[in-house]
Every structure is written in structure tokens, then in C-alpha cells.
2 protein chains.
Amino acid sequence: MRLDFSVAVHSLLYLDQNRDRRIASRELAQSLSLNPVMIRNILSLLHKNNYVEGSVGKNGGYRLIKSLEDCNVGELYDLTIPPTISYARFITGDTEELDQADSTEISGNIKETLTDLFTLADEDYRRFYHQFTLADLKEDINHHGYFINKVQGENK
Amino acid sequence: MRLDFSVAVHSLLYLDQNRDRRIASRELAQSLSLNPVMIRNILSLLHKNNYVEGSVGKNGGYRLIKSLEDCNVGELYDLTIPPTISYARFITGDTEELDQADSTEISGNIKETLTDLFTLADEDYRRFYHQFTLADLKEDINHHGYFINKVQGENK
């Protein structure tokens, strides 16, 4: 879910601004205006993937152990929003091989074609995010317009 | 919804293969293995946008009035899956301007940054589809692997 991605990004940026102390999920929840349970799930994922150290609990709290330059936005996207495994529910035509006599050439073959199209488009989409690190995101937060200029400059 | 896009693509390819006659939505529904009501909604959209001529009803049926080369896949994507108007539900931080004393620099500013990131990523995603026409899709249906080779060739 895309909100998970935003939670990860926001949490890591917040931890970066408070590197001198451990941050409890309750404090993060306040900054993100979200339920602490949701924050904890994402922090647990970030912990498992070596972005943060720390623990939940009474004297718990987390600390960021990477530089913002080492936090790739695309990697965070892949972590929080795994690629779609099957496009079957988005695709028309014969999905079962039962009644091939009835199926036209298109109906029998469009599944593979649309799956390739969606898969390649998704790979392309993820490549977009992989261009950036959290240092870029911080730059845009401080000087809004940085992203738009960067991307539109490249497309010229 | 992504299924709408697949329905549009599949319907237009089917109409292309049957240019000599009008096709009823019931016949399309059979090829697409979907409910005729869903087909009719998409055909009505394609009719409004001058892809097909014809009508529903007793002697109704549709006919494609464009060449496959003139049916851009990105335009069909934009038509069936309009861009997200607001990313608010995917974004963390202060969405209301109420309590600025409480908000950190990140919390107050991340909304604009994430909105730009998602918007630029979506534009990039749509550009991917705009590279192709339905003639490319037909080519892949007839010779599966055409898409993968085309895209991977370009990325080399």
C-alpha cells in the first residue's frame, strides 16, 4: 500500500533529524499523524532490513543507522510495495484452458501480452524511484521544487 | 481500474479482427469472459471518444473506425484510468494547517514533496504506455516476446 511507503520515508527522515537520541514509535506517530501500530509495523520492516537499530517496548526506540544518501527511494518503494505477483484479475480473455474451441486467437493469447505490458511498465515505474535517495527528498522538503526541476531538466 | 483498460484493449482488437460486421456487446462479452454490462460501459466510453461507431440495443453493435496504428495505448490508459487527483490518503504528516506549533519541519512540508514525487512517477509511468499503439499489441499477441525484446533492446 502506498501509505506504507510514505510512512517509511517520513519515519526515516524524522530519525535522521534526531540522530542524537532514540525515537519511540509514539513520538513518530505524532509527527506522522498516524496510529502507532502502523508505525511499529513499518519500523519492524525497516529494522529487519538494517535501516534502523533499536526495539519496541518500555525503554524502546529507534535510531537510523544509514546515511540519507544510502537510503535509495526505489529500494524503500520495493520494500514497502512489493511487485504485483499476478495480473490475472486485471486481464480479460480465457484464463482457463478449458474450452479452446470457443476461444479466438486474441482471447487465447492476450493474457501473456497484457502481463508483459504491465510487468514492463511496473519495472519502468520502479526505475523512476530508484533514481533518488532520501537526501534528494530532504533537499526537496527544504527547497520545494527541487524534484520537479531535476526530472523536467532530464526530460528536456 | 486496470481491468477497464484491458477491456478497452481487448474489445478494440476484437473489433479490428471483425471489421466486416457490427459486433454486439454480448459477443464481445463472450470473448472477454466478462459481464456484458461492463463491456457496454467501456464501449460507451470508446464511442464518446470516437474509437467506435454504432449503438446498443436490439440490432445494435459496434464497429472500429480507427486503424490500430492510430490507437495509442497510453491514450487508452489515460481514458480508462484517469490520473489520481489527490494523493492525500497516501501521505503522512500534517494535512491540516491547525497546529503548526506542534509540527516539525518535515511533518509540515513532506506533503508537497511526496505529492510531487508521486505525480512525476505517474507521468513517467504513463509515458511508458504512450510509446505503443494497438498495432504493437497485436504484433505481440501474434509473436509473443515482441514487447520484451522491444523494451529491453531500448534499455541496453
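The values are calculated or read from the model by the stated rules, or taken from the named source; none is laboratory data. As the structure is a prediction and not an experimental result, all values here were calculated from the model. Here Cβ is always computed from backbone atoms with ideal geometry, including for glycine, and neighbour counts include all displayed protein chains.
Some points to look at:
- The one condition in (1) within 14 Å of chain B (Cβ to nearest Cβ); (2) surrounded by fewer than 23 Cβ atoms within 10 Å (Cβ to Cβ) that A:LEU32 fails to fulfil: (2)
- If you check B:ARG26, B:ARG19 for being outside any loop (DSSP other than H, G, I, E, B) and modelled with pLDDT under 95, only one passes: B:ARG26.
- Candidates in segment A:112-128 are the residues that are within 7 Å of another protein chain (Cβ to nearest Cβ), within 15 Å of B:ARG2 (Cα to Cα) and not hydrophobic (A, V, I, L, M, F, W, C); of these, the one that is farthest from the chain's Cα centre (by Cα) is A:THR113.
- Tally of residues being in contact with a His (Cβ under 9 Å, 6 or more places away or on another chain) and of a type in the set (Asp, Glu) across segment A:51-92: 3
Table: residues versus (1) basic (Lys, Arg); (2) assigned to a helix (DSSP H, G or I); (3) touching a Pro at 6+ places or on another chain (Cβ under 7 Å); (4) at pLDDT 90 or above.
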{"site": "A:THR92", "(1), (2), (3), (4)": "no, no, no, no"}
{"site": "A:GLU97", "(1), (2), (3), (4)": "no, no, no, no"}
{"site": "A:GLN100", "(1), (2), (3), (4)": "no, no, no, no"}
{"site": "A:ASP122", "(1), (2), (3), (4)": "no, yes, yes, yes"}
{"site": "A:TYR129", "(1), (2), (3), (4)": "no, yes, no, yes"}
{"site": "A:LEU137", "(1), (2), (3), (4)": "no, yes, no, yes"}
{"site": "A:ASP140", "(1), (2), (3), (4)": "no, yes, no, yes"}
{"site": "A:ASN149", "(1), (2), (3), (4)": "no, yes, no, yes"}
{"site": "A:GLY153", "(1), (2), (3), (4)": "no, yes, no, no"}
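- Any chance B:ALA8 is under 18 Å from the mean Cα position of the chain (by Cα) and assigned to a helix (DSSP H, G or I): yes
- Of the residues making up segment A:48-78, just one is hydrophobic (A, V, I, L, M, F, W, C), in contact with a Phe, Trp or Tyr (Cβ under 6 Å, 6 or more places away or on another chain) and more than 20 Å from A:ARG2 (Cα to Cα), namely A:VAL52.
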